[in-house]
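Take a look at the structure set out below.
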Amino acid sequence: MFAGTAASVPSARRGLPALLVRRGGDRILFDCGEGTQRQLMQSVGLTELTEIFITHFHADHWLGLPGLLKTFDLRGRDRPLAVHGPRGLRELLGLALRAAGRVSFELDLIELEAGQVLARDGYRIAPFPVRHRGPAFGYALFEDRRPGAFDPQVAVQLGLTPGPEFGRLQRGEAVKGVAPDQVLGPSRPGRKIVISGDTVPCEALALAAHGADVLIHEATFAEEDRERAVETGHSTAVQAATLALGAEVVVLALTHLSTRHPAAVLRDEARAIFRATVLPRDFDAIEIPFAERGGPELVRFEPSATAA
C-alpha cells in the first residue's frame, strides 16, 4: 500500500515516501516521510507495525519517524519494534528522539550491511546498495519456494485415501511408503517485491530486481531532465522502465514523483518501453497473488474503505 508517492516536496495529492507491505500478520513499513502517520490513519489505520526499514537518510524518507514512534508510545504500545537502515541510523534516531522524547517500548535500531539476508517466517528481506548521495539501500523481499501442486488422482492410484493422508503428504511426510515427490509437482517460486529507494540505475538494483513480481522504482524526472537526474542521484521514468525490461519483472510501479512533471508524462514515457507500468496514487495498493492465480493488480483506493 502506497502511503506516500511524492518526491522531496509533497503535493495536495501525494505525500512523502512511505510504503506498507502486508503479508499474513506482518506489517512492514519502508521509509517514513513527514506525515506518514496521518497518511496511514487516512487509509488503512495506524496499524501495529511489525518492523520498519529506511532506505537512506534524506529528510523526506525518515522525518516522519519520530512522530510515529511517539504516537505508538502514547497509545501504549508494548511490543518491541525494530527499525533497520544503513550505517548512521543509531546516531540519527538517537538525536531525533532526544528532541522528540524517548519511548517506553523496546526500540531496536539495527544498522544493516549489504549482503545481509534477514530470515522471516516464510520469506526473507535483503538490503542491497544503490547509487544515491550517501549511504543508501534498496530492499528485496522474496518468499521461500513452495511445494509443487498436489495430484490427488496419483495419490489415490498409489493406494492412499483422501483426507488426513493427503494433508500429511502435502506437508512433506511420507505416508504408507508413498513419498511426497511421487504426488507433488516441481516446487514453485514464492512472490518477490523489490524496492529501489532513491537511486540512479545501477547493476545491484538490476540484479536484485530480476524476475520480481513487482519492482517499485523511483521516477523523479522525465527524460527532458536526464542530466538533472544524474546530478541529483535519481532516475527518469525511461531509465526505470529500461531496467524493468532487462530484469524481466512482471509489473513496474513508479513512485517518488516530482511536482515538476505531470504523472501522465512519466507514465507514457515508461510505457513506451515497458508496457506493464503503473503509477500508483497515494493509498492505492498492489495485490500480488501467486503466479498460478494471476498477475499483480493495481487496486485504486476507495475512500469508503477507510479504516476507523
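The values are calculated or read from the model by the stated rules, or taken from the named source; none is laboratory data. Just so it is clear, the structure is predicted and the values come from calculations on it, not from any experiment. Positions of Cβ are generated from backbone atoms using ideal geometry, with glycine treated the same way; all protein chains shown enter the neighbour counts. Note: accessible area is taken over every heavy atom of the protein model, side chains too, but ligands, DNA and RNA are not part of it. Shrake-Rupley method; radii C 1.70, N 1.55, O 1.52, S 1.80 Å.
Some observations on this one:
- Residue within the range 163-174 that is open to solvent by 10 Å² or more (accessible area, probe 1.4 Å), under 30 Å from residue 17 (Cα atoms) and modelled with pLDDT under 95 present: no
- Condition met for residue 183 (modelled with pLDDT of 90 or more, among the β-branched types (Val, Ile, Thr) and surrounded by fewer than 15 Cβ atoms within 10 Å (Cβ to Cβ)): no
- Contact annotation: residue pairs with Cβ atoms under 6 Å, 6 or more positions apart or on different chains, pairing a residue in the range 190-213 that is without any contact (Cβ under 8 Å) to a residue 40 or more places away in the chain with a partner that is open to solvent by less than 20 Å² (accessible area, probe 1.4 Å), are 210/247.
- Odd one out for residue 16, checked against (1) of a type outside the set (Phe, Trp, Tyr); (2) in contact with a strand residue (DSSP E or B) (Cβ under 9 Å, 6 or more places away or on another chain); (3) exposed (fewer than 15 other Cβ atoms within 10 Å of the Cβ): (3)
- Only one entry in 236, 220 is in contact with a strand residue (DSSP E or B) (Cβ under 6 Å, 6 or more places away or on another chain) and farther than 28 Å from residue 188 by Cα, namely 236.
- Scope the range 117-139; condition more than 22 Å from residue 50 (Cβ to Cβ) and surrounded by fewer than 21 Cβ atoms within 10 Å (Cβ to Cβ); matching residues: 129, 131, 133, 134, 135
- Evaluation of residue 142 against (1) open to solvent by 50 Å² or more (accessible area, probe 1.4 Å); (2) more than 22 Å from the chain's Cα centre (by Cα) (one fails), failing number: (2)
- Per-region count, the range 19-32, residues buried (at least 24 other Cβ atoms within 10 Å of the Cβ) and either farther than 19 Å from residue 66 by Cα or of a type outside the set (A, V, I, L, M, F, W, C) (or both): 1
- Qualifying residue in the range 167-181 (condition: among the aliphatic types (A, V, I, L, M) and under 25 Å from residue 288 (Cα atoms)): no
- Reported count of residues in the range 219-243, each being under 24 Å from residue 193 (Cβ atoms) and touching a helix residue (DSSP H, G or I) at 6+ places or on another chain (Cβ under 7 Å), is 10.
- In the range 149-162, residue surrounded by the most Cβ atoms within 10 Å (Cβ to Cβ) [restricted to those that are in contact with a strand residue (DSSP E or B) (Cβ under 8 Å, 6 or more places away or on another chain) and assigned to a loop (DSSP other than H, G, I, E, B)]: 160
- Residues satisfying the stated conditions in the range 186-205, i.e. surrounded by 14 or more Cβ atoms within 10 Å (Cβ to Cβ) and in a loop (DSSP other than H, G, I, E, B): 189, 190, 191, 196, 197, 198, 199, 201, 202
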